[in-house]
Number of protein chains: 2
Amino acid sequence: MTSDRSQAWQPEHLAIIGVGLLGGSVALAAKQRWPSLKVVGSSRKEETRQRMIELGIVDQAYADVETCVASADLIVVAAPVVQIASMLPMISAASPPDATITDVGSTKQAIVDAAELDAAAAARFVGSHPIAGSEKSGLEYAVANLFRGKHCIVTSTDRTDQKRLEQVSQFWRQLECRVVTMSPQQHDTALAAASHMPHIVAAALAQSLPMEFASLTGTGFNDTTRIAAGDPLMWRQIVEANASSVLDQLERFGSRLESFRDAIKRADWDGVERLFSDARTAKQQILRVVDRATSPDL
Amino acid sequence: MTSDRSQAWQPEHLAIIGVGLLGGSVALAAKQRWPSLKVVGSSRKEETRQRMIELGIVDQAYADVETCVASADLIVVAAPVVQIASMLPMISAASPPDATITDVGSTKQAIVDAAELDAAAAARFVGSHPIAGSEKSGLEYAVANLFRGKHCIVTSTDRTDQKRLEQVSQFWRQLECRVVTMSPQQHDTALAAASHMPHIVAAALAQSLPMEFASLTGTGFNDTTRIAAGDPLMWRQIVEANASSVLDQLERFGSRLESFRDAIKRADWDGVERLFSDARTAKQQILRVVDRATSPDL
């Protein structure tokens, strides 16, 4: 493991565009991995720029994205998903020709499609999505170990530069992610099922509780709806960027829910038990896969 | 607080019928509160009887319910919900006339209705539902602090004996529960929304994930589906005993989910953001109520 890591590609000058929970955590994790790495970050807000310096998250903070990326060899765009696509041509034009550009967006098809419309961006961009986060948001919650043991999806298309794909993969591996490569479309289908649709379900569930019963909720209800506290604007943008896969998965979920409703209406209690039993089996299988994925040996 | 507790009613001989996670935890919590309390328990399985003695959960273990309750002044029936109703006449007949009988069942209307059909049971039974538990089940997971800071619903009807209602309420308060009194019907409506329907939603969600994406789930998916690992037989019985309220709540949840689906189909992204925002507001309100309820001062 150590020898792999020492031979792997490493950045010397990392620029983070948008230093919030994710961008800040990338900066902290990279700084911990390579103490001599130069890390710079950008934010339009003066207050955020001050705070990222105070917290030791970056060495230098810029208001202007073009200045921020001018000397970087690796650029991580951690802006909201809807902004990433529109920023890529400008970032490509302003950064050194050898620089590699990646992101941390929760959707991939729209971002990669946009990158590939711009020749310079197409040559330098490799999409990433580290599956790590929190219902909290903002710089103050950034932590160096956010990515440890987590999966990171790195996207590959016909037009992806293979050398840069390898660099980006090595970067995430060295932040202790498990890297999985797939197409942007595969990513969006998978994440609709594993993340985006569940978020909508949790939100609908939080809303469906008559408030007079709030004090009677237990850990069951509260865990099931934890993610409903997420940032509405961020989730709007994720759903917008992945609408068709999200609708497909909502359909799939709806038909499972319908099976429960039908069995209850028919008073088919054996059927209800079978459905609960199938759900438990599925949950246990998922847990085994997740436990394996996050075990410290991997 | 201490003076209230010292003046409150206390049992001298507690019988637990069905010593699993909940029954075992009632025994441990009561023993901790009143070290000189005699605690006896029943189980049909020889192995469980041995284990409840080994773990120090009860002083004596019986195979036979009638012998177990013969000298008790408080009897807590912690059997599966479908068995509680049918056991109450037998328990009433076998226990001292002054004994108080309660339970820990997750549904109340069917159990209280059954108790009130039997004159002896009607006079002695007060329904309880401590809102505490785990996706785990069994004696081995019993802990003395399971009820601390949790709500316990105690049911009251026209036929409930007021002295026993007070005893049962004081019993749970001394196990550090917050006691709420309501009718069995109000209980079942509230719990359908706060617990039973969310369980079905979590189960449907666990089942709706294509298994090839299991490794890409994060803490969001896994918290949202945690309770899907619960015991299928227990949940079948809960849903069976509370079918009509569960169907009403499924309807309510379904219409919230439909609002999301409609807004996405119409590409009404402002509408999607508003729904996420409403959900976050609801979740935050619920969290404030829950935090207040479980704060150590109360």
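Observations
- Test: residue in segment B:5-22 that is over 21 Å from B:Asp98 (Cβ atoms) and surrounded by fewer than 19 Cβ atoms within 10 Å (Cβ to Cβ): yes
- Of the residues screened, B:Ile238 is one that is crowded, with 18+ Cβ neighbours inside 10 Å, more than 7 Å from chain A (Cβ to nearest Cβ) and on the phi < 0 side of the Ramachandran plot.
- Residues in segment B:205-230 that are open to solvent by 50 Å² or more (accessible area, probe 1.4 Å) and either more than 7 Å from chain A (Cβ to nearest Cβ) or among the small types (Gly, Ala, Ser) (or both) were compared, and the one that is farthest from A:Trp269 (Cα to Cα) is B:Thr219.
- Here B:Asp248 meets the list (1) more than 7 Å from chain A (Cβ to nearest Cβ); (2) touching a His at 6+ places or on another chain (Cβ under 7 Å); (3) surrounded by fewer than 23 Cβ atoms within 10 Å (Cβ to Cβ) almost entirely, failing just condition (2).
- The residues of segment B:132-143 that are farther than 18 Å from A:Ala214 by Cα and open to solvent by 20 Å² or more (accessible area, probe 1.4 Å), listed by number, are B:Ser134, B:Glu135, B:Lys136, B:Ser137, B:Gly138, B:Glu140, B:Tyr141, B:Val143.
- Residues (at the interface with another protein chain (Cβ under 7 Å from one of its Cβ atoms) and open to solvent by 10 Å² or more (accessible area, probe 1.4 Å)) located in segment A:175-204: A:Ser195
- Of the helices (runs of 4 or more DSSP H) lying entirely inside segment B:173-233, those carrying at least 3 residues that are touching a residue at least 12 places away in the same chain (Cβ under 8 Å) are B:184-191, B:197-208.
- Scanning segment B:111-131 for residues that are crowded, with 23+ Cβ neighbours inside 10 Å and assigned to a loop (DSSP other than H, G, I, E, B) returns B:Val126, B:Gly127, B:Ile131.
- Tally, over segment A:32-46, of residues that are assigned to a helix (DSSP H, G or I) and farther than 17 Å from A:Cys68 by Cα: 2
- When A:Met234 is tested against (1) under 30 Å from B:Val289 (Cα atoms); (2) of a type outside the set (Lys, Arg); (3) touching a His at 6+ places or on another chain (Cβ under 7 Å), only condition (3) is not met.
- Looking across segment A:144-155, just one residue is surrounded by fewer than 18 Cβ atoms within 10 Å (Cβ to Cβ) and either in a strand (DSSP E or B) or in contact with a helix residue (DSSP H, G or I) (Cβ under 6 Å, 6 or more places away or on another chain) (or both), and that is A:Gly149.
The values are calculated or read from the model by the stated rules, or taken from the named source; none is laboratory data. This is a predicted model, so every value here is computed, not measured. For neighbour counting, all protein chains shown are included, and Cβ atoms are generated from backbone atoms with ideal geometry for every residue, glycine included. With ligands, DNA and RNA removed, areas are computed over all heavy atoms of the protein, side chains included. Shrake-Rupley method; radii C 1.70, N 1.55, O 1.52, S 1.80 Å.
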